[in-house]
Each structure stands twice: as structure tokens, then as C-alpha cells.
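The values are calculated or read from the model by the stated rules, or taken from the named source; none is laboratory data. Because the structure is a prediction, the values reported are computed rather than measured. Every residue, glycine as well, gets a Cβ built from its backbone with ideal geometry; the counts of neighbours run over all protein chains shown. What goes into the accessible areas is simple: the full protein's heavy atoms, side chains included, and nothing from ligands, DNA or RNA. Shrake-Rupley method; radii C 1.70, N 1.55, O 1.52, S 1.80 Å.
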Amino acid sequence: MDVKKILSEMTLEEKAKLCQGLDFWHTVPVERLGVPSMMVSDGPHGLRKQAEQADHLGVNESIKAVCYPTAAGTACSFDRELLETLGSALGKTCQAENVGVILGPAANIKRSPLCGRNFEYFSEDPYLSGEIAAAHIRGVQKEGVGTSLKHFAANNQETRRMSVSAEIDERTLREIYLASFEGAVKGGDPWTLMCSYNKINGTYSSENPWLLTDVLRGDWGYKGAVMTDWGACNDHVKGVAAGLELEMPRSGDENDQAVIDAVKNSQLDEAVLDRAVERMLNLINLYETNHRAGETIDLNEQHHLARRIARESMVLLKNDGGLLPIKGNKKVAFIGRFAEQPRFQGGGSSHINCSEETSALDAVRSVSAVTYAAGYDIAGDTVNEALETEAVKAAAEAEVAVLFLGLPDAFESEGYDRDHMRMPACQEHLLNAVAAVQKNIVVVLHNGAPIEMPWVDQVPAILEAYLGGQAGGGAVVDLLFGAVSPCGKLAETFPVKLSDTPSYLNFPGDAEHVVYAEGVYVGYRYYDKKEMPVLFPFGHGLSYTTFVYSNLRLSADNYKSGKLAVSVDVTNTGDMAAKEIVEIYVRPENAVKDRPVRELKGFAKIALAPGETGTATVELDERSFSYWETTIHDWYMEPGKYAIEAAASSRDIRLTAEVEVENKPLRVNVTMDTTFGDVMAIPGAKEVVADVTKFMGMFNAEEDSAAGEAISTEMVEAMLRFMPIHNMRSFSDGKLTREELQRVVEKLNQIQE
Ligand code: BGC
């Protein structure tokens, strides 16, 4: 397709039309110029292609496809290669179904555990989220199918998601909420992005030039197209002007006409419309040149892949006394309706019409003759006495009771948020009743986000299965009985209780606004800074074997730019082959800036046989040491000492090394309002201000012995630290003029040039 030529031959009407969908799932063709229509369909953990009646809430049936574990789980694999494999399976499925772009992955940060859509999001940490999303994107796109990274940006709740304004300061946006997308854009280069419904600081994402053009295209160098979330278009003309290419789904002729009129009356520069149309043509060209007609897929093979991915994604939270894996011919009872009817995916637009489903009860038949009791009804909170009595009896008669518990669909979904973090009361009731008769309890959790566990001390073992996809039941059995060792680690913190969470006082906000008052202190950044106990920390996950970390080394003791290699040896000291995720955190040791205690800046996963030692290596760069500095509107690598931590979780730091980071001090933009404390950070400032600060002599302990008894040098320094330059006139007894102070200000700016 000769994009430039086609663009030059298109009429204004055709151009306007191309910036809206044809219908719910297709782009508009321009038949006379040979531009085909392209289909987009939902993902991200399977293909939801609707042939007939379209909707964006997963209401009407779609074609049969394989449902993989949702993002909340796959992020816990910390495994880029695995996510590429998953992406590639999705890409092949799209090829077979003639779908050009599969919507997702979703890289929104888990700001609060209450967000109803957290099951579709990866992490509370932007580095992990960005890396995993990028791998997903690379996997899909290497099959010649596009992705749509969503929901850009700051869509961190479902309450009023279509209208709320997320009020977020610049640093927090850059370091947390945008950073997740930045990693995915730079590491994956998605064909498209999907802008969010909400406003950011008062402006809808779909018409936000700062977001769609300055940041996305300007700062990150993105070249692809942006579409709206379904119905996220507010003012289409403003949208096109801001850097939006495609309104989805089609809203009618009115918006085409609005664009045409805006060009005709010079409200919208035609060159800006052309830019949008060119990006749309480039996208359709990508589809046309990469589409492989007649591709077929093997759903059974994909089902097995789904089981493997689920195994790598589940997290063993607790295993006191080595209750797991279940060995020998123990009498095992499976208890809980989820053993038979697992909840393995979430509700809403990502809902897959599964090709098949394996429950844990199906899968266990070939491994162990378990007894089964349903124990509770999935819907509702009410205790079913008969089911509970039967379950307690089964638990009492067994040697191990495996309780399948979690959140029903009604508790969490696209479209609404939770208002508490507890499991249904009937499930907690069942757990307590079982705990009264059986000590060997394993809880297997099916949930898309953390829950409170007031019962945690009553059970020796907990396996977090998340929403494990259609083959999740098989994966649970593989892990329970030790066919493989669990290896996932939490991509989010499990807090003790809801009121501990950083956004507790500001979620989901009032009618129009939600203030992100906790700033950059999201997830473990908050709990670590507050030195708070948590239920299970970010990065936590147990194994059936043990690992010893040794020999942490850096490629240099000083760092200025380029790459800094961090290596650590890990030995499998147990008797089972297993994988270990090594987390690398960076901790500023003498930062002037207020910064999180530690931040994840690298990770690696290694497979080790019993007794084997392997080396995990990650590379750090300038960004690993930087924070977003609002005075320069850029990243700044603060010089100083940093600890590099090799960790098994954010609260299990195994080894620490130190590096000295060198950089030019930050330029201080000196004005009459700048304090002397800030001025003193400028090299050479002391000499420049000496003539001015000498008037503080009246407080100067060294010069005035009478005052010296009452006022120490420290006090004078403290007073100066927060005194703006202009205030010095008041202490000079009329000797300093404004002009003289102005000259000092100029000099201080000059010496920094
Ligand atoms: C969701 C998107 C989804 C779209 C199309 C919207 O409601 O927010 O994630 O891709 O519908 O179904």
C-alpha cells in the first residue's frame, strides 16, 4: 500500500470517515483506493471475537477460544519469555480469525486493591508492569498482529470511570502511572494505544494533547495510532487535534461532519487531519502486509500452554511445616465449589468463550482419589448449612483438606469497584468450621485481587491461583501434588486490611475528582516508607525447594552513564528442580530528594536443578537511579550512594552492594525567593553569598559571644536554610539594597552555566 499516494488522493470526507470505526469492531475501508477494513477484537488473555451482536461488556457470545490466566496472575511469573509465548499464541489465534489488532494488554497501575478491573492489570509497580506488558506486545506482534496498549492513562478505578478526573501531580504521573505505559511503549512498540475514558487533571484522555502528543509522541517517540476506549470520545475535533486517530466504536455521522466542518472553517488544520489519516493508513498497511490467510490453530495445544502459563503464575503464599506438596497416599478432601466450578476469568470486555475447561476436580482424578464437598454456594453470602455440614465431615475424615475459596464474579468485575476486601461471609464461615476439625488445611484462592485474611493463622498453606484461565484447575493440581514447584511471586502487596492501603482516604473520590494524594507512594513504596507490616509483601512467593544467594557483584563501583551490570549467584539447596525469581531493588542511601525506600529496577528468573548454581544478571541504567524532577520537567539522576539489593521479595533482601553515582548537581533556578539552604547546594555558592550572609553575624555565635550562649551556629544555619534571599535586607540594618541582592541572584545563576 502506497500510504502517501493514497493519502494524497483521499477526499476530505474519506479522511474524516477513516477517523471513526465502521461499526463496533471494524475500521472503515476506502474501496476505491484499495484500503481494506480491519477488524479489532478484545483480549487480552484470549480472543473475544464477536461474529454477531456486538457489545463491549462481554454480554453476547463470541467464538470459542482459549482463556489464559489473567494479567494479575501472569505478572507473577516475572517471565518475559513466557509472556512472549502467550502473546504469540494470541497472535496466531488472531491470524486464524482475521483479526488485525487484539485489544490489550492493559498496563494500568493497581492503585487500590478495590479496583474492579485489577484482575486485568499487571502490577502496583510500573517497572514490572511495563516489562511484562512489553513482552506480551512483542509476542503478539511477532505474529504480524497488532496490540492496543490500554487504558492510557490513569484509569485506576471503575467508579465513574467514564467521567472522573484523576488529579495527579506531575512527578507521580511520570514515575508511576505513565512509567508503566512508557516501558510498554518503548519495549514493545504496540501498533496502537487505547486512550482511557477518564480525565486527567481535568482533561479527557481522548482530547489531551499533552498526553497523546507531547508525552506519547514527543517524549517517548511513539509512531503508531491511538484509538479511544469504546465510547471514550468526548469532542472528536479536539481529539484529532490532540493526537487521537480513531474513535471507536462508530458514533454516527455527526462526528465525521464535525471534522469536515472544522477543517472547512479552519478550526482544524487539514495537515493535522492528514497526520491522523496517515497513521491510520500505516496501521491498516501493517495489517494488510502481515496478514496470513488460511492460518489454523490447535486449541488443544493452546489449552496445554494455558496450563503451563498458569503453573508459572500461581504463588505459594504460605507453606508452614511443608504441608505442600501433598505426598504419598494421603486421604485428601477437596472442599469448596470452586474446585468443581473454578472462577478463572473476570467479567466484562475480556470475557472469553472458552474452548474447554479443566477444574481441579477434573484434573485430580488421574492423581489422587480425593473426596469432594461443595461447602458453599458461589452466589451470595449466606451459609448453606447442609453443604457446610457435609464439607466439615469430609474434612474431618481426611488427612488434608484443600479448600477452594475466593471471590465470586459478583464481587469484582469491569464496571464497578469492590467496597471491601473480604471473601464472602459464607466462605469464611466454612473455613472456620473446617479449621475446628482439621489442622492440615490448604487454601487455594481464586480471586483477581488481594483479599483480607483474618483467618491466615488458622491455615498452614495458601496457594494464590488468581484467575488462572481455563486450564487453571490442572495447574493447581500440578502444584498441590508437586509435579512441579510453584515459582510465581506477588506482583502486588497483600495488605493486612483495607484501611492500611495508601489510597484508602482518597478512593474512589467524590463525584468528579479523585485525588491521588499518596503521590508516588503506591503499593510497596508506601508500606516500606511507613514501615508497616503487610500480610504478604510485593515480590513474595515460596517454592518447594530452597535457594541461597551469594556473590553479588557490580560491573563497577562508580556509575555515570551506560549500563551497570548486577550479577548474583543462586544455588538450589533443596531436592527439587525449581525456578527462582531474583529481584533487584535500588535504594538511595543519602538522597536529598524525598524518595521511596527501594524500587524494583530489574529481575531475572532462573531454572535450577537440585544442587545447581546459576547466575542471575540484570543491567541497570540511568533511569534506574533517577526520579522525575519537576523543576526541569525531566528525569534526574541524583548523585550519591545507592544500595543495590538482590532480593527474594521486597521484604527479603538477601544481599546488598553499594555504588557511587556521579552526576552534575541539579541546576538551581535562583530568584529572590530562593532560600539560602537551596542556594548552598550550588558549588561555589558560599563565596558568592558571603558578603550577604555576613549580616547574619548578629546571630553569629562565633562573632558575638553574648548571643553565642543562646544561639548556636546550628541555629543560625537552620534559620538561614529556610530564609529566602530577599529577607536578608531585614537583617542588614539597612545596609543591603535590593539591587545588591539582585546581583547575587544573577551571580548564582551565572556560576551554574
Ligand atoms: C473496555 C475496553 C475494551 C472495550 C471494547 C471497554 O468498555 O474498557 O477495555 O477493550 O470496551 O470491548
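Points worth noting:
- Normalised by residue number, the volume inside the convex hull of the Cα atoms of the chain is 193 Å³ per residue.
- Per-residue [θ]222 nm for the chain (sum of -39500 (n - 2.57) over DSSP H runs n ≥ 4, rounded to 500): -8000 deg cm²/dmol
- Under Karplus coefficients 6.51, -1.76 and 1.60, residue-wise ³J(HN,Hα) of region 283-299 in Hz, glycine/proline x: 5, 5, 5, 4, 4, 4, 6, 9, 5, 10, 6, x, 5, 10, 10, 10, 4
- Carbon + sulfur, % of accessible area of region 609-697 - ligands and nucleic acids excluded, 1.4 Å: 49
- Unit charges at the beta carbon, dipole of the chain: most positive-side option, 305, 749, 674: 305
- Counting DSSP beta bridges with both ends in the chain, the antiparallel % (nearest 5): 55
- Within region 358-512, percent of DSSP bridges classed antiparallel, to nearest 5: 10
- Carbon and sulfur %, accessible surface of region 154-283 computed with the full protein complex present, 1.4 Å: 44
- Assigned charges on the beta-carbon of Lys, Arg, Asp, Glu; region 321-366 dipole about Cα centre (debye): 340
- Only Lys, Arg, Asp and Glu carry charge here, each on its Cβ (+1 for the first two, -1 for the last two); on that basis the chain has a dipole of about 1220 debye about its Cα centre.
- Of 393/579; 5/150; 439/497, pairs whose Cα-Cα distance is over 29 Å: 393/579; 5/150
- Distance between region 600-657 and region 58-114 - C-alpha centres, whole angstrom: 27
- Region 410-433 residues near the modelled residue 390 label - backbone nitrogen below 19 Å, point 7 Å along Cα→Cβ: 426-433
- Shape call, region 1-142: gyration tensor on alpha carbons, a/c limit 1.5: prolate
- In the context of the full set of protein chains, residues of the chain present 38 Å² of accessible surface per residue (probe radius 1.4 Å, heavy atoms only).
- Accessible-area ranking of 587, 292, largest first, probe 1.4 Å: 292, 587
- When only the Cβ of Lys, Arg, Asp and Glu is charged (+1, +1, -1, -1), the dipole of region 419-498 relative to its Cα centre reaches about 120 debye.
- Label point of residue 163 set 7 angstrom out along Cα-Cβ; within region 209-237, amide nitrogens under 17 Å from it belong to 231-235.
- Converting phi to 3J(HN,Hα) with the Karplus coefficients 6.51, -1.76 and 1.60 and the offset θ = phi - 60°, region 312-324 yields 7, 9, 7, 10, 7, 7, 8, 7, 5, x, x, 4, 9 Hz in sequence order, with x at every glycine or proline.
- The coefficient of translational diffusion for region 592-651, derived via Stokes-Einstein from the alpha carbon Kirkwood radius under 10 °C and 1.306 mPa s, stands at 112 µm²/s.
- Sequence ranges 513-524, 99-110, 8-19, ranked by mean other-Cβ count within 10 angstrom, highest first: 99-110, 513-524, 8-19
- Top positive-direction residue, dipole computed over the chain with Cβ charges, set 335, 200, 535: 335
- Cβ-derived FRET efficiency at R0 51 Å, residue 320 paired with residue 32, nearest 0.05: 0.10
- Here each label is just a point 7 Å from Cα along the line to Cβ, and for residue 727 and residue 331 those points are 7.8 nm apart.
- Cβ-Cβ distance of residue 739 and residue 592, R₀ of 30 Å, FRET efficiency by 1/(1 + (r/R0)^6): the value works out to about 0.40.
- Share of carbon and sulfur in the accessible heavy-atom surface of region 511-557 [1.4 Å probe, %]: 53
- In this structure, residue 504 and residue 531 have a Cβ-Cβ separation that, at R0 = 25 Å, corresponds to a calculated FRET efficiency of about 0.90.
- Here the spin labels are modelled as points 7 Å beyond Cα on the Cα-Cβ line, and at residue 557 and residue 371 they lie 6.6 nm apart.
- Unit charges at the beta carbon, dipole of the chain: most positive-side option, 360, 54, 386: 360
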